[in-house]
Amino acid sequence: AQSVTQLGSHVSVSEGALVLLRCNYSSSVPPYLFWYVQYPNQGLQLLLKYTSAATLVKGINGFEAEFKKSETSFHLTKPSAHMSDAAEYFCAWGYKYIFGTGTRLKVLA
Amino acid sequence: DTAVSQTPKYLVTQMGNDKSIKCEQNLGHDTMYWYKQDSKKFLKIMFSYNNKELIINETVPNRFSPKSPDKAHLNLHINSLELGDSAVYFCASSQEPSVGTDTQYFGPGTRLTVL
(Lines give C-alpha, C1' and ligand atoms only; values in the text may rest on other atoms or scores of the structure.)
Protein backbone atom coordinates (compact mmCIF):
# COMPACT_ATOMS: atom_id res chain seq x y z
CA ALA A 1 0.00 0.00 0.00
CA GLN A 2 1.17 3.46 -0.79
CA SER A 3 2.18 5.50 2.20
CA VAL A 4 4.11 8.44 3.50
CA THR A 5 6.34 8.03 6.54
CA GLN A 6 7.70 10.83 8.64
CA LEU A 7 10.51 9.81 10.94
CA GLY A 8 10.42 11.56 14.27
CA SER A 9 7.17 12.85 15.67
CA HIS A 10 9.07 15.53 17.58
CA VAL A 11 12.20 17.38 16.54
CA SER A 12 13.94 20.04 18.62
CA VAL A 13 16.58 22.39 17.28
CA SER A 14 18.29 25.47 18.60
CA GLU A 15 17.53 28.81 17.04
CA GLY A 16 19.93 29.29 14.13
CA ALA A 17 20.58 25.57 13.71
CA LEU A 18 19.80 23.43 10.69
CA VAL A 19 16.30 22.04 10.44
CA LEU A 20 15.91 18.58 8.91
CA LEU A 21 12.52 16.89 8.81
CA ARG A 22 12.39 13.49 7.19
CA CYS A 23 9.80 12.10 4.80
CA ASN A 24 9.90 8.83 2.91
CA TYR A 25 7.29 7.70 0.46
CA SER A 26 6.26 4.34 -0.82
CA SER A 27 4.80 4.55 -4.24
CA SER A 28 4.95 2.90 -7.61
CA VAL A 29 3.58 5.91 -9.44
CA PRO A 30 5.34 9.22 -10.01
CA PRO A 31 4.93 11.02 -6.72
CA TYR A 32 3.40 14.38 -6.25
CA LEU A 33 4.74 15.27 -2.85
CA PHE A 34 3.92 18.19 -0.62
CA TRP A 35 5.06 19.71 2.63
CA TYR A 36 2.46 21.58 4.63
CA VAL A 37 2.87 23.49 7.86
CA GLN A 38 0.26 23.83 10.60
CA TYR A 39 0.67 26.55 13.18
CA PRO A 40 -1.21 26.12 16.47
CA ASN A 41 -4.97 26.28 16.09
CA GLN A 42 -4.76 26.94 12.38
CA GLY A 43 -5.32 25.07 9.16
CA LEU A 44 -2.52 23.69 7.02
CA GLN A 45 -0.72 25.86 4.52
CA LEU A 46 1.57 24.86 1.70
CA LEU A 47 5.31 25.14 2.20
CA LEU A 48 6.36 23.58 -1.09
CA LYS A 49 5.55 20.83 -3.54
CA TYR A 50 7.35 18.51 -5.91
CA THR A 51 5.78 17.88 -9.30
CA SER A 52 8.75 16.37 -11.19
CA ALA A 53 9.96 19.66 -12.66
CA ALA A 54 13.07 19.89 -10.47
CA THR A 55 14.41 17.66 -7.72
CA LEU A 56 15.32 20.56 -5.45
CA VAL A 57 12.24 22.51 -4.54
CA LYS A 58 12.29 25.85 -2.80
CA GLY A 59 9.38 26.92 -0.69
CA ILE A 60 8.31 29.74 1.53
CA ASN A 61 10.08 30.97 4.67
CA GLY A 62 13.47 29.64 3.54
CA PHE A 63 12.47 25.98 3.44
CA GLU A 64 13.49 23.63 0.69
CA ALA A 65 13.18 19.92 -0.02
CA GLU A 66 15.04 17.53 -2.25
CA PHE A 67 13.35 14.68 -4.05
CA LYS A 68 15.61 11.62 -4.13
CA LYS A 69 14.09 8.79 -6.10
CA SER A 70 16.84 6.33 -5.20
CA GLU A 71 16.13 6.86 -1.52
CA THR A 72 12.35 7.42 -1.95
CA SER A 73 12.77 10.48 0.20
CA PHE A 74 11.60 14.08 0.22
CA HIS A 75 13.25 15.59 3.29
CA LEU A 76 12.55 19.16 4.33
CA THR A 77 15.41 21.44 5.34
CA LYS A 78 16.06 24.99 6.43
CA PRO A 79 19.60 26.25 7.04
CA SER A 80 18.80 28.35 10.09
CA ALA A 81 15.83 27.81 12.37
CA HIS A 82 13.80 30.72 13.63
CA MET A 83 11.50 30.76 16.63
CA SER A 84 8.58 31.37 14.30
CA ASP A 85 9.22 27.99 12.60
CA ALA A 86 7.81 26.14 15.59
CA ALA A 87 4.83 24.26 14.20
CA GLU A 88 3.59 20.88 13.01
CA TYR A 89 4.88 19.81 9.60
CA PHE A 90 3.17 17.32 7.34
CA CYS A 91 4.49 15.50 4.32
CA ALA A 92 1.75 14.45 1.93
CA TRP A 93 1.35 12.33 -1.20
CA GLY A 94 -1.00 14.04 -3.57
CA TYR A 95 -2.43 11.19 -5.62
CA LYS A 96 -4.26 9.58 -2.74
CA TYR A 97 -4.33 12.54 -0.38
CA ILE A 98 -2.25 10.59 2.09
CA PHE A 99 -0.65 12.62 4.84
CA GLY A 100 2.19 11.59 7.07
CA THR A 101 1.68 11.54 10.81
CA GLY A 102 3.35 14.90 11.23
CA THR A 103 6.50 16.18 12.92
CA ARG A 104 6.29 18.78 15.62
CA LEU A 105 9.22 21.16 15.38
CA LYS A 106 10.33 22.90 18.53
CA VAL A 107 12.85 25.73 18.32
CA LEU A 108 14.90 26.40 21.42
CA ALA A 109 16.16 29.86 22.26
CA ASP B 1 -10.68 38.18 3.01
CA THR B 2 -10.65 34.61 4.26
CA ALA B 3 -10.04 32.14 1.43
CA VAL B 4 -11.58 29.07 3.06
CA SER B 5 -13.83 29.65 6.02
CA GLN B 6 -15.58 27.24 8.34
CA THR B 7 -18.31 27.67 10.91
CA PRO B 8 -18.44 27.07 13.73
CA LYS B 9 -14.89 27.09 15.04
CA TYR B 10 -15.85 25.08 18.10
CA LEU B 11 -18.72 22.66 18.52
CA VAL B 12 -19.53 20.88 21.76
CA THR B 13 -22.46 18.51 21.77
CA GLN B 14 -23.93 15.40 23.34
CA MET B 15 -23.77 11.88 21.96
CA GLY B 16 -26.65 11.07 19.68
CA ASN B 17 -27.17 14.63 18.47
CA ASP B 18 -27.06 15.76 14.84
CA LYS B 19 -24.82 18.65 13.85
CA SER B 20 -23.57 20.45 10.77
CA ILE B 21 -20.35 22.21 9.87
CA LYS B 22 -20.34 24.75 7.07
CA CYS B 23 -17.53 25.52 4.67
CA GLU B 24 -17.20 28.22 2.06
CA GLN B 25 -14.34 29.11 -0.27
CA ASN B 26 -13.99 32.33 -2.24
CA LEU B 27 -11.08 31.19 -4.37
CA GLY B 28 -13.18 30.10 -7.32
CA HIS B 29 -11.92 26.55 -6.95
CA ASP B 30 -13.71 23.58 -8.46
CA THR B 31 -12.83 20.97 -5.85
CA MET B 32 -13.51 20.87 -2.13
CA TYR B 33 -12.63 18.38 0.58
CA TRP B 34 -13.31 17.36 4.13
CA TYR B 35 -10.56 16.00 6.36
CA LYS B 36 -10.64 14.64 9.89
CA GLN B 37 -7.67 15.25 12.22
CA ASP B 38 -7.63 13.12 15.33
CA SER B 39 -6.07 13.85 18.69
CA LYS B 40 -2.70 12.53 17.47
CA LYS B 41 -2.77 14.99 14.57
CA PHE B 42 -3.34 12.20 12.05
CA LEU B 43 -5.05 13.73 9.03
CA LYS B 44 -7.35 11.63 6.89
CA ILE B 45 -9.41 12.58 3.88
CA MET B 46 -13.13 11.93 4.18
CA PHE B 47 -14.76 13.34 1.05
CA SER B 48 -13.98 15.25 -2.09
CA TYR B 49 -16.40 17.11 -4.33
CA ASN B 50 -15.73 18.48 -7.77
CA ASN B 51 -18.27 20.98 -9.05
CA LYS B 52 -20.92 19.73 -6.61
CA GLU B 53 -20.31 16.11 -7.56
CA LEU B 54 -18.97 13.55 -5.07
CA ILE B 55 -15.58 12.26 -6.20
CA ILE B 56 -14.08 10.62 -3.14
CA ASN B 57 -15.80 8.92 -0.23
CA GLU B 58 -13.19 7.28 1.96
CA THR B 59 -15.07 4.59 3.88
CA VAL B 60 -16.70 7.12 6.11
CA PRO B 61 -19.73 5.94 8.13
CA ASN B 62 -22.96 6.93 6.44
CA ARG B 63 -23.78 9.04 9.49
CA PHE B 64 -21.59 11.60 7.74
CA SER B 65 -23.23 13.25 4.76
CA PRO B 66 -21.59 16.01 2.76
CA LYS B 67 -23.77 18.45 0.90
CA SER B 68 -22.62 20.83 -1.80
CA PRO B 69 -25.29 23.38 -2.78
CA ASP B 70 -22.85 25.06 -5.15
CA LYS B 71 -19.18 24.74 -5.93
CA ALA B 72 -18.23 27.35 -3.35
CA HIS B 73 -19.83 25.51 -0.45
CA LEU B 74 -19.36 22.07 1.04
CA ASN B 75 -21.16 21.39 4.27
CA LEU B 76 -20.78 18.36 6.50
CA HIS B 77 -23.75 16.95 8.34
CA ILE B 78 -23.22 14.35 11.04
CA ASN B 79 -26.06 12.24 12.44
CA SER B 80 -26.13 10.40 15.74
CA LEU B 81 -22.82 11.73 16.96
CA GLU B 82 -20.50 9.31 18.75
CA LEU B 83 -17.59 9.88 21.12
CA GLY B 84 -15.18 8.79 18.40
CA ASP B 85 -16.31 11.62 16.18
CA SER B 86 -14.49 14.07 18.42
CA ALA B 87 -11.76 15.59 16.26
CA VAL B 88 -10.83 18.66 14.30
CA TYR B 89 -12.51 18.76 10.90
CA PHE B 90 -10.83 20.68 8.12
CA CYS B 91 -12.35 21.84 4.90
CA ALA B 92 -10.05 22.45 1.95
CA SER B 93 -10.26 23.43 -1.68
CA SER B 94 -8.12 23.20 -4.79
CA GLN B 95 -8.31 24.51 -8.32
CA GLU B 96 -7.95 21.33 -10.28
CA PRO B 97 -10.20 18.33 -10.33
CA SER B 98 -9.33 15.67 -7.83
CA VAL B 99 -6.06 14.34 -9.16
CA GLY B 100 -4.13 15.18 -6.05
CA THR B 101 -1.48 17.26 -7.78
CA ASP B 102 -2.78 20.65 -6.94
CA THR B 103 -2.19 22.70 -3.84
CA GLN B 104 -4.94 22.47 -1.29
CA TYR B 105 -6.05 25.49 0.70
CA PHE B 106 -7.27 24.64 4.16
CA GLY B 107 -9.80 26.29 6.39
CA PRO B 108 -9.02 27.04 10.05
CA GLY B 109 -10.75 23.89 11.27
CA THR B 110 -13.74 23.07 13.45
CA ARG B 111 -13.02 21.40 16.76
CA LEU B 112 -15.86 19.00 17.49
CA THR B 113 -16.19 17.62 21.01
CA VAL B 114 -18.77 14.94 21.67
CA LEU B 115 -19.63 14.41 25.34
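The values are calculated or read from the model by the stated rules, or taken from the named source; none is laboratory data. Everything numeric in this text was worked out from a predicted model, so none of it was measured. Glycine gets a Cβ as well: all are built from the backbone with ideal geometry, and neighbour counts include every protein chain shown.
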Here the residues within the stretch A:70-91 that are in contact (Cβ under 8 Å) with a residue 60 or more places away in the chain and in contact with a Lys or Arg (Cβ under 9 Å, 6 or more places away or on another chain) are A:Asp85, A:Tyr89, A:Phe90, A:Cys91
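For every residue, the table says whether it meets (1) in a strand (DSSP E or B); (2) touching a Phe, Trp or Tyr at 6+ places or on another chain (Cβ under 9 Å); (3) within 14 Å of chain A (Cβ to nearest Cβ); (4) surrounded by 14 or more Cβ atoms within 10 Å (Cβ to Cβ).
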residue	(1), (2), (3), (4)
B:Leu54	yes, yes, no, no
B:Pro66	yes, yes, no, yes
B:Tyr89	yes, yes, yes, yes
B:Ala92	yes, yes, yes, yes
B:Thr103	no, yes, yes, yes
Looking across the stretch B:14-30 at residues that are among the charged types (D, E, K, R) and within 27 Å of B:Glu96 (Cβ to Cβ), the single one that is surrounded by the fewest Cβ atoms within 10 Å (Cβ to Cβ) is B:Lys22
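Working only within the stretch A:95-105, note down all residues that are touching a residue at least 12 places away in the same chain (Cβ under 8 Å) and farther than 15 Å from A:Leu76 by Cβ.
Residues satisfying the conditions are A:Tyr95, A:Lys96, A:Ile98.
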A:Gly16 meets each of (1) surrounded by fewer than 19 Cβ atoms within 10 Å (Cβ to Cβ); (2) closer than 30 Å to B:Ser5 by Cβ; (3) modelled with pLDDT of 95 or more with one exception, condition (2)
The lone condition B:Asp85 fails out of (1) crowded, with 18+ Cβ neighbours inside 10 Å; (2) touching a residue at least 40 places away in the same chain (Cβ under 8 Å) is (2)
For the stretch A:40-69, pairs from a residue that is without any contact (Cβ under 8 Å) to a residue 12 or more places away in the chain to a residue that is part of a helix (DSSP H, G or I), with Cβ under 9 Å and 6 or more apart or across chains, are A:Gln45/A:Ile60
Scanning the stretch A:29-85 for residues that are surrounded by 20 or more Cβ atoms within 10 Å (Cβ to Cβ), at pLDDT 95 or above and not in a strand (DSSP E or B) gives A:Phe63, A:Ala81, A:Asp85
(1) modelled with pLDDT of 90 or more; (2) assigned to a loop (DSSP other than H, G, I, E, B) all hold for B:Ser98 apart from (1)
